[in-house]
Amino acid sequence: MKKSRVRPESSSVRILIVDDHPVVREGIAERIRREQGWSVCGEAEDGPGAIDMVRKRAPDLATVDLTLKTGGGLELIKTLKSIRPKLKVVVVSMHDEALYAERAIRAGASGYVSKQEPMSEIVRAIRTVLAGDIAVSEGFGRKVLQDWAESTPKRGSKPVESLSDRELEILRLIGGGLATRQIAAELNIGVKTVETYRLRLKKKLKLTSAAALVRYAARNIEG
């Protein structure tokens, strides 16, 4: 795991970067270091590393990818917030904002930025979140996510929107070509638990076979 240079100013905003791609981490870190009053207090490539950094470095804000080497970003956000409730989280991800942004906010994040956006958008999102607001793309609508964060919204009509965070994570892994045992190892859960989730997914998505589930996951969920 690569450790970042830490600025000595105690008054600076301490930011942790969580992403499994070193190039992405370095790019975000370099941009953050150019901002006055911000410092990179650490980097992590997976969930355990992020948890360790939050406990040891006490960051004010973390940028978190949803796809990591071990586990899923949504569950990680919940864990990080339970360890450090005041931690602010900005998700920086390749996943579809329309499908994942609401879930990220509900998990405890305060911002969501696509990796396809320029680096300036990540900076904008961090500034917005540090100011106490929710940061999302203009197209998605800040007000909509604010309503979702403060109330219980009605689910959309798409079947995939009815899935729990864990079900969605397993569906993503199925779409990525992972077998049941591989998914169990990836999420640190039992094989029978994964099999149960697969049955739930077929029922919720109205699919009749394991092959149909794999095809659905591959076509509808970004890896």
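The values are calculated or read from the model by the stated rules, or taken from the named source; none is laboratory data. Quick caveat, the model's predicted, so the values are computed rather than measured. Reconstructed Cβ throughout: ideal geometry from the backbone, glycine too, with neighbour counts over all protein chains shown.
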*For region 1-116, list the strands (runs of 3 or more DSSP E) that sit wholly inside it and hold at least 2 residues that are at negative phi and touching a Gly at 6+ places or on another chain (Cβ under 8 Å); which are they?*
13-18, 88-93
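Yes/no matrix, rows are residues, columns are (1) within 19 Å of E75 (Cβ to Cβ); (2) surrounded by fewer than 13 Cβ atoms within 10 Å (Cβ to Cβ); (3) among the acidic types (D, E); (4) not assigned by TED's automatic domain parsing to the domain that holds G73:
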position	(1), (2), (3), (4)
I170	yes, no, no, yes
G175	yes, no, no, yes
L178	yes, no, no, yes
R181	no, yes, no, yes
I189	yes, no, no, yes
K192	no, yes, no, yes
K204	no, no, no, yes
A212	no, no, no, yes
*Cβ pairs under 7 Å, 6+ apart, first in region 50-77 and over 18 Å from L171 (Cβ atoms), second polar (S, T, N, Q) and assigned to a helix (DSSP H, G or I)*: I51/T79
*Of the residues that make up region 206-222, is at least one of a type in the set (D, E), in a helix (DSSP H, G or I) and out of contact with any Lys or Arg (no Cβ under 6 Å at 6 or more places or on another chain)?*
no
